[in-house]
Ligand code: GCO
């Protein structure tokens, strides 16, 4: 295994903190619309990490990991246009200071999907150039105020989800279904990344990167149509992000398909692509499963997901550890920078019995994936692995119905109970140090 391999655990602002109705994000609005989020649940209380963060940092400490990956809520910092919240900034200062005190490194993401509602109301989400300027204004504040306390910084988490799930499939906030919006949101969210990269490089000098979710795409019914669907789905979900960030261009096959659908691409400027492809210090990869697809004539993007008979998690996602390595290999076609697996983990239907959760399936999932990563860490220059997630939390469209945590959360009392997987991960880390 690589020397200094980082063990970590991950979570994200909206999913754990609780907004306590002090500000509003696009997920609050989305959750109010019927049929979008399980039982119309939202992040008002979440895990109440806002109040319980010291206890949570202690649990991270006891787990024995080196690093905690968290995100900052843009809306907590800028609850309204032009209004900076001192309380918001101070919360993150306290959290980061507590991590430092406990000797845990921080890996901080500036955008994990919780766009303030006022930005959406102004410009309709990531589909407008102005969103990039609002984001830059926020990012500058975060960087200026927090850089001393941060060890690793990432601009975005999974821009594919913001653009493709949020603006094409309608499965994530803001819940739009529009092909043109997919490419606009893709481009402008990446441009926001590029603008922040420029500001950071000119003023600061720690590690800054981006987190992409990559899933290896394949079909199990090999024919010309399905193979084409595999390529296009790979372009839409993986290469549409890898290529601009590392090569400064979008995949030709994707652009051709968009042109065929009469989409005017003149909003994509060369100078944008220059900013977007500024060198990063690391790449974070989030991965849970592969993407099994087939040709679908009725979809403008020509593919649909299909079911396999492989073992599955509670999300109905196939358990495919080797596909994680395939995704890292794909990223390696683009870049030599250090790679961190910034999210990997699984939801299962946990039961709390006598103050215990015996989550054997999660334990096996995590240890299988982690051991594979350790084995391949030298060959692929993988410098760390973060489990998703520290604790059960608001799982987006699934609300609180899916549990990914290695710590169980009782949503009535907010009591935390480490699961069996927490203790086995702790043991694994200890024996590797
Ligand atoms: C993700 C997200 C997490 C999800 C996790 C499980 O980046 O997709 O970072 O917020 O909760 O992936 O779906």
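The values are calculated or read from the model by the stated rules, or taken from the named source; none is laboratory data. What you see is a predicted model; the values in this text were computed from it and never measured. We place every Cβ from the backbone using ideal geometry, glycine too, and count neighbours over all the protein chains shown.
Which of the helices (runs of 4 or more DSSP H) found entirely inside region 1-96 contain at least 3 residues meeting this: under 16 Å from residue 394 (Cβ atoms) and in contact (Cβ under 8 Å) with a residue 12 or more places away in the chain?
Output list reads 13-16, 26-32, 49-63.
Residues in region 215-229: is at least one under 19 Å from the mean Cα position of the chain (by Cα) and under 29 Å from residue 151 (Cα atoms)?
The answer is yes; a qualifying residue exists.
If you go through region 202-212 one residue at a time, do you hit one that is part of a helix (DSSP H, G or I), out of contact with any helix residue (DSSP H, G or I) (no Cβ under 8 Å at 6 or more places or on another chain) and under 23 Å from residue 272 (Cα atoms)?
yes
Kindly check whether there is at least one residue in region 102-113 that is under 16 Å from the mean Cα position of the chain (by Cα), touching a residue at least 40 places away in the same chain (Cβ under 8 Å), within 16 Å of the ligand (Cβ to nearest atom) and in a helix (DSSP H, G or I).
No, that holds for no residue.
Go through (1) within 16 Å of the ligand (Cβ to nearest atom); (2) surrounded by fewer than 23 Cβ atoms within 10 Å (Cβ to Cβ); (3) not in a helix (DSSP H, G or I) and name the single condition residue 165 misses.
(3)
Please go through region 367-388 and give me each residue that is within 16 Å of the ligand (Cβ to nearest atom) and out of contact with any strand residue (DSSP E or B) (no Cβ under 6 Å at 6 or more places or on another chain), ordered by number.
Result: 369, single match.
Consider residue 234 carefully, then state whether it is in contact with a helix residue (DSSP H, G or I) (Cβ under 9 Å, 6 or more places away or on another chain) and either buried (at least 20 other Cβ atoms within 10 Å of the Cβ) or at negative phi (or both).
Answer is yes for this residue.
(1) assigned to a helix (DSSP H, G or I); (2) out of contact with any helix residue (DSSP H, G or I) (no Cβ under 7 Å at 6 or more places or on another chain): which one isn't true of residue 138, the others all being true?
So residue 138 meets the others, but not (2).
Give region 186-215 a look and list any residue that's surrounded by fewer than 24 Cβ atoms within 10 Å (Cβ to Cβ), within 16 Å of the ligand (Cβ to nearest atom) and either more than 23 Å from residue 106 (Cα to Cα) or modelled with pLDDT under 95 (or both), or say none.
none
Got a number for residues in region 29-41 being buried (at least 21 other Cβ atoms within 10 Å of the Cβ) and more than 14 Å from the ligand (Cβ to nearest atom)?
Counting residues in region 29-41 that are buried (at least 21 other Cβ atoms within 10 Å of the Cβ) and more than 14 Å from the ligand (Cβ to nearest atom) gives 2.
It is to be established whether one or more residues within region 151-158 are out of contact with any strand residue (DSSP E or B) (no Cβ under 8 Å at 6 or more places or on another chain) and either surrounded by fewer than 22 Cβ atoms within 10 Å (Cβ to Cβ) or under 24 Å from residue 261 (Cβ atoms) (or both).
No, the conditions are met nowhere in region 151-158.
For region 291-320: of the residues being more than 29 Å from residue 192 (Cβ to Cβ) and within 16 Å of the ligand (Cβ to nearest atom), which is surrounded by the fewest Cβ atoms within 10 Å (Cβ to Cβ)?
316
Got a sec? Which of 249, 215 is over 11 Å from residue 293 (Cβ atoms) and not in a strand (DSSP E or B)?
Answer to the selection: 249.
Consider residue 179 against the criteria (1) under 19 Å from residue 108 (Cβ atoms); (2) in contact (Cβ under 8 Å) with a residue 12 or more places away in the chain; (3) away from the ligand (no atom under 16 Å from the Cβ): it satisfies all of them except one. Which criterion is unmet?
(1) is the only condition that residue 179 fails.
Within region 401-410, which residues are within 15 Å of the ligand (Cβ to nearest atom) and surrounded by 20 or more Cβ atoms within 10 Å (Cβ to Cβ)?
Across region 401-410, the qualifying residues are 402, 403, 404, 405, 406, 407, 409.
For region 275-303, how many residues are in contact with a helix residue (DSSP H, G or I) (Cβ under 8 Å, 6 or more places away or on another chain) and not in a strand (DSSP E or B)?
12
Only one of 261, 247 is at pLDDT 95 or above, within 30 Å of residue 69 (Cβ to Cβ) and surrounded by fewer than 21 Cβ atoms within 10 Å (Cβ to Cβ); which?
Checking each option against the conditions leaves just 247.
Quick check on residue 131: is it over 30 Å from residue 370 (Cα atoms), in a helix (DSSP H, G or I) and within 16 Å of the ligand (Cβ to nearest atom)?
no
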